[in-house]
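The values are calculated or read from the model by the stated rules, or taken from the named source; none is laboratory data. As the structure is a prediction and not an experimental result, all values here were calculated from the model. Every residue, glycine as well, gets a Cβ built from its backbone with ideal geometry; the counts of neighbours run over all protein chains shown.
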């Protein structure tokens, strides 16, 4: 799913699968980072029961660069995760 399609959705929350498809990564990578260190994802994410949901507006703002990218000073954890997953 592309960002333009996500923007047109008439619901408030996205699934991990939808976001993963938009940013071209494995859904499990997002789940793992949300569990370990959600602030490194850069976009808001909420756990509801056993599932994660991403606020559509927050994700769109992040994807468009409207939410500042956090500077990671002490850890390259997210980048190492990308490398481990071949991204």
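Go through region 1-24 and count every residue that is under 14 Å from residue 62 (Cβ atoms) and either out of contact with any helix residue (DSSP H, G or I) (no Cβ under 7 Å at 6 or more places or on another chain) or surrounded by fewer than 16 Cβ atoms within 10 Å (Cβ to Cβ) (or both). The total comes to 3.
Quick one: is residue 11 part of a loop (DSSP other than H, G, I, E, B) and modelled with pLDDT of 95 or more? Answer is yes for this residue. The set of residues in region 31-57 being part of a helix (DSSP H, G or I) and closer than 17 Å to residue 3 by Cα consists of 56, 57.
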